[in-house]
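Remarks on the structure that follows.
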Amino acid sequence: MSELRTNRIVPRDGIKSGASGGIIQVVQSVKTDAENFSGSSTPALITGLSASITPTRADSKVFVQVILNASVGGAYAGMYAVLRRGSTDICIGDAASNRNRASISLQSPNHFTAANSNDYGPGQSSLLFLDSPATTSSVTYGLYFVETDNQGTVLYVNKSGTDTDNNFFNRLASTITLMEVSG
């Protein structure tokens, strides 16, 4: 005669049957290199800040966390970032006349200009968003930046604008993390 004993059974979704909110899987991309991005009036991917996840269930949600360390070079620029699922902007503000619909503002004081980065270094922004992709197909999330004033402003990711080789300046890492959450 066989006997099976256990003190606990954990379901695949991480929580008891019929409940929601369990973490099913986690995917992360980490950008450790420092890179300059020239301003563009159309959304351009910040290389290294995208990740893909394949939900196991159509009713799952995806919790997106982005940490961006960056400086903005040049004049006070109309620069911002948008979170995208595929080609769709998500986690953006409401439409209001000619105003930009953004996920993150990349303007001072959060992201210091090149002149100020001599004293302060890059600024950090974070973004947290719970998305409902309603699919079991692979989904890609990415952070895209836009410069609206066409001044050729540069976005310095993971470093300051000046970035002189001494101990006044830092090199940082930026991340995008995706967590499938049971629906």
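Values quoted throughout were computed directly from the atomic coordinates according to the rules given, and no laboratory measurement underlies them. In this text the structure is predicted, and so the values were computed from the model without any measurement. Glycine gets a Cβ as well: all are built from the backbone with ideal geometry, and neighbour counts include every protein chain shown.
A few comments on the model shown:
- Applying 1/(1 + (r/R0)^6) with R0 = 45 Å to the Cβ-Cβ distance of residue 126 and residue 5 gives a FRET efficiency near 0.50.
- Hz values of 3J(HN,Hα) by residue in the range 157-164 - Karplus curve (6.51, -1.76, 1.60), Gly and Pro given as x: 9, 6, 7, 7, x, 7, 6, 5
- 14 Å beta-carbon shell around residue 44, net charge (K/R +1, D/E -1): -2
- Residue-by-residue Karplus 3J(HN,Hα) for the range 57-67, coefficients 6.51, -1.76, 1.60, Hz, glycine and proline x: 9, 5, 8, 5, 10, 10, 8, 10, 10, 10, 10
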